[in-house]
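Structure first, commentary second.
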Amino acid sequence: MDDGTQKIADARGLRLGDLGFNIVGIEVDNRCNMACTFCPLPIRHADEASLDLDDVRRILDQVVADGTADLVAFHQFNEPLLYPHIWECLDMAHERGLRTLLITNGATLNRRTIDKLLEHAPTMLRISAQYVKERHHNEIRGYKGTFATYIDGVAACLAALIDRPHRIGETQCDLAITQKIMGWRAKLSVALGMRDHGDPTIFDETPQSMKRALADFLKLIEAKSDTFTYDSAQHEANIGAFQDAFRGTFDTAYRLSDNVVIAYKQFHNGRRIRDYYPIEYGQCRNSNLAVLANGDVTICCYDYEGFTAIGNIKRDPLSRILADGRAVVENLRKGGRIHCHGCKTCLGSPTRFGAAVRSARNFVRFGGDSATRPMPPTPTFRTLRDEP
């Protein structure tokens with residue numbers, strides 16, 4: 001912030017946007033009906049916890065009063081459809097003029113749940129299907145049911161979203177693939193051990209390797225839909241386009257309708273806070289503030305252990321929590337010496353040598369006093385997918 005912006009922020013009270021946050025994730029409880037190998041939840045050390053509906057109401061009221069973030073995600077490291085009041089949460093958010101993002105693993109999708117989903121429509125819906133091959137599915141997802149039951153429910157939901165009227169603005173169904181390593185800088189960073197090549201537990205999946213499984217999935221949707229017809233040419237074209245350019249985390253796998261898309265999601269190691277070697281200097285521009293089920297407010301949506309907690313919303317108002325965490329957040333945004341061990345490892349590298357190289361590079365970029373360095377601009381979250 002410059003001096004003028006700083007004075008305005010001090011006068012009105014510190015707000016989410018002043019610290020670079022544009023999304024608030026609310027972990028309504030910390031239960032899940034899966035134990036995915038790529039998710040931190042199975043290795044998380046946390047007592048079972050849940051937010052009361054009144055807790056959620058107070059959080060939403062504070063987000064509205066803040067006025068700089070209008071998107072609320074009812075997900076962190078949990079399955080939100082297990083929360084008995086999730087539909088009330090969506091309705092409360094919309095009544096307050098907030099947009100909503102609902103992320104589900106799809107294991108509870110049946111006729112009743114699909115009807116509820118369409119009735120209490122989130123602004124954006126993401127179905128985390130991730131692995132649509134029967135082989136290894138239950139092993140990777142930690143799923144106790146049958147693959148046929150799971151994939152049938154997800155297909156039925158997507159068919160309903162195509163055929164039936166609803167107010168969900170955008171739906172994305174994710175399929176996990178390894179990261180695209182494009183350009184000499186990215187390839188060099190992998191070779192030096194500064195970054196990994198995706199998550200090893202998803203068997204190095206690519207659009208080509210999952211081609212047959214995705215085609216079978218699309219034909220299952222076709223069988224359940226009154227209007228959708230599988231087009232193999234579109235499928236092939238999207239496989240071909242995948243390696244053309246780097247488009248961010250997501251690439252189109254198949255467009256089912258104007259607002260329903262299946263996407264390839266490039267996976268990184270989601271447990272890196274535990275597994276990586278730490279660095280001493282770095283920068284993070286993560287824009288998701290998270291409220292965990294025990295009320296802890298963390299400055300990172302990857303933080304599954306509360307390493308970055310700057311307060312507890314059951315005890316203190318959001319404005320005070322932001323003020324208390326201001327120095328830590330601004331330091332991460334501007335770049336410099338990292339003070340939080342969780343951030344050191346999350347921003348670190350999969351090898352000791354890679355971490356040393358990364359830390360040295362970042363010292364050259366961010367070393368010294370960061371007090372006079374300007375805060376980077378806060379991005380605006382508009383859509384799940386930023387696609388040309």
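Couple of notes before you dig in:
- Restricting the stretch 181-197 to residues that are touching a helix residue (DSSP H, G or I) at 6+ places or on another chain (Cβ under 8 Å) and not hydrophobic (A, V, I, L, M, F, W, C), the residue that is surrounded by the fewest Cβ atoms within 10 Å (Cβ to Cβ): 197
- Selection from the stretch 261-284 of residues that are of a type in the set (Lys, Arg) and at pLDDT below 90: 271, 272, 274
- The stretch 285-297, subset more than 15 Å from the chain's Cα centre (by Cα) and surrounded by 20 or more Cβ atoms within 10 Å (Cβ to Cβ), residue nearest to residue 329 (Cα to Cα): 297
- Near pairs, Cβ below 6 angstrom, 6+ apart or cross-chain, from the stretch 40-56 (free of Cβ contacts under 8 Å to residues at least 60 places away in the same chain) to any residue that is open to solvent by 60 Å² or more (accessible area, probe 1.4 Å) and in a loop (DSSP other than H, G, I, E, B): 53/85
- Inter-residue pairs, beta-carbon under 7 Å, first of a type in the set (Ser, Thr, Tyr) and in the stretch 291-314, second part of a strand (DSSP E or B), 6+ apart: 298/290; 298/309; 308/298
- Here residue 352 does not qualify as free of Cβ contacts under 8 Å to residues at least 40 places away in the same chain, within 20 Å of residue 194 (Cα to Cα) and open to solvent by 40 Å² or more (accessible area, probe 1.4 Å).
- Per-region count, the stretch 298-326, residues open to solvent by less than 30 Å² (accessible area, probe 1.4 Å), of a type in the set (Ser, Thr, Tyr) and in contact with a Gly (Cβ under 8 Å, 6 or more places away or on another chain): 2
- Residue among 380, 345 that is out of contact with any Ser or Thr (no Cβ under 9 Å at 6 or more places or on another chain), crowded, with 18+ Cβ neighbours inside 10 Å and either at pLDDT below 95 or not polar (S, T, N, Q) (or both): 345
- Considering the stretch 223-331, the qualifying strands (runs of 3 or more DSSP E), each wholly inside and each with 2 or more residues that are in contact with a Lys or Arg (Cβ under 9 Å, 6 or more places away or on another chain) and farther than 30 Å from residue 158 by Cβ, run over 309-312.
- Residue in the stretch 61-77 that is closer than 15 Å to residue 291 by Cα, among the aliphatic types (A, V, I, L, M) and open to solvent by 20 Å² or more (accessible area, probe 1.4 Å) present: no
- For residue 374, the criteria (1) loosely packed, with under 12 Cβ neighbours inside 10 Å; (2) in a helix (DSSP H, G or I); (3) touching a residue at least 24 places away in the same chain (Cβ under 8 Å); (4) not small (Gly, Ala, Ser) hold in every case but one, which is (2).
The values are calculated or read from the model by the stated rules, or taken from the named source; none is laboratory data. Quick caveat: nothing in here was measured; it's all calculated off a predicted structure. Don't worry about glycine lacking a Cβ; one is built from the backbone with ideal geometry, like all the others, and counts go over all protein chains shown. Accessible surface areas use protein heavy atoms only, side chains included; no ligands, DNA or RNA. Shrake-Rupley method; radii C 1.70, N 1.55, O 1.52, S 1.80 Å.
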